[in-house]
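Accompanying notes for the structure given below.
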Amino acid sequence: MLFATDAVKDDITASRRPFITFVLGGPGSGKGTQCARIASAFGFAHLSAGDLLREEMSCDSKKGKLIRDIIMEGKIVPSEITVHLIKEAIMSSSADRFLIDGFPRSEENRIAFETIIGVEPNLVLFFDCPEEEMVKRVLGRNQGRIDDNIETIKKRLKVFEMLNLPVINYYSAKGKLYKINATGTVDEIFEKVRHLFGSLRP
């Protein structure tokens with residue numbers, strides 16, 4: 001069996017309780033850039049859900065082939081598969097602090113993580129950025145016809161908002177959500193993040 005839920009939960013909770021931070025934000029919010037800085041400044045391991053899926057596909061494992069087949073069929077990779085990869089990355093790392101970048105993307109993701117891993121995040125960072133700024137940033141790093149790209153980007157932002165808003169509201173109600181105003185330069189945004197992590201001292 002590829003994914004044994006009970007074994008996963010036992011592995012994490014029995015051996016240690018890592019400090020877990022979810023990092024959320026729409027396309028162009030700058031969360032990936034800030035994750036790299038947080039990891040360097042505060043000793044976090046940076047785990048990107050998308051990168052973990054791509055790495056698994058590239059190594060031609062049984063799980064990698066399964067993921068590739070799902071994506072080739074135009075389907076969404078089940079939450080259980082992504083959570084299992086995150087769990088493996090946590091268990092194989094010597095770090096005790098983790099930034100989980102771009103996950104959970106939906107309530108289904110959130111429930112799967114907390115059910116399978118058996119822990120909740122210690123905090124959730126949300127890089128809050130106006131739509132027009134995110135569109136501008138994504139266009140700035142894209143090549144090709146701008147008119148085609150704007151519509152695509154706006155659709156991605158709508159999907160992000162629809163799926164992520166319940167997650168954001170859930171953790172806000174639990175007092176775990178920290179909103180970062182993601183406008184300004186990379187340095188200006190990191191200063192806000194640095195102040196937050198400095199005060200929390202995870």
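No value in this document is a laboratory result; all are computed from the given coordinates. None of the values given here were measured: they were computed from a predicted structure. Cβ sites come from the backbone with ideal geometry, for glycine too, and all protein chains shown count toward neighbours.
Which ordering of SER172, SER40, SER79 is given by a fewest-first count of other beta-carbon atoms within 10 Å? Walk me through the intermediate numbers first.
On the way: SER172 14, SER40 10, SER79 21.
Fewest-to-most ranking of SER172, SER40, SER79: SER40, SER172, SER79.
Sort LYS62, LYS87 so that the residue with the fewest other Cβ atoms within 10 Å of its own Cβ comes first and the one with the most comes last. The partial results should precede the final answer.
Details: LYS62 9, LYS87 20.
The most exposed by this proxy come first: LYS62, LYS87.
Need one word for segment 58-135: rounded, prolate or oblate. Basis is the Cα gyration tensor (sqrt eigenvalues a ≥ b ≥ c); a/c below 1.5 gives rounded, then a/b vs b/c decides. Before the final figure, lay out the partial values.
Numbers: a/c = 1.78, a/b = 1.16, b/c = 1.53.
Cα axes put segment 58-135 in the oblate bin.
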Counting helices only, and only those DSSP H runs with n ≥ 4, report the 222 nm mean residue ellipticity of the chain as the sum of -39,500 (n - 2.57) divided by its residues, in deg cm²/dmol to the nearest 500. -19500 deg cm²/dmol
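Report the full-extension gain for the segment LYS192 to MET72: residue separation times 0.36 nm, less the Cα-Cα distance, to one decimal in nm. Could you put the intermediate results ahead of the total?
Numbers: separation 120, 0.36 × 120 = 43.20 nm, distance 4.00 nm.
Separation in residues times 0.36 nm, less the Cα-Cα distance, equals 39.2 nm.
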ARG17, ARG141, ARG105, ARG110 arranged by Cβ crowding within 10 Å, fewest neighbours leading: ARG141, ARG17, ARG105, ARG110
Set LYS75/LYS136; LYS65/LYS155; LYS158/LYS179; LYS136/LYS176; LYS62/LYS87, cut-off 27 Å on Cα-Cα distance; pairs above it are LYS75/LYS136; LYS65/LYS155; LYS136/LYS176
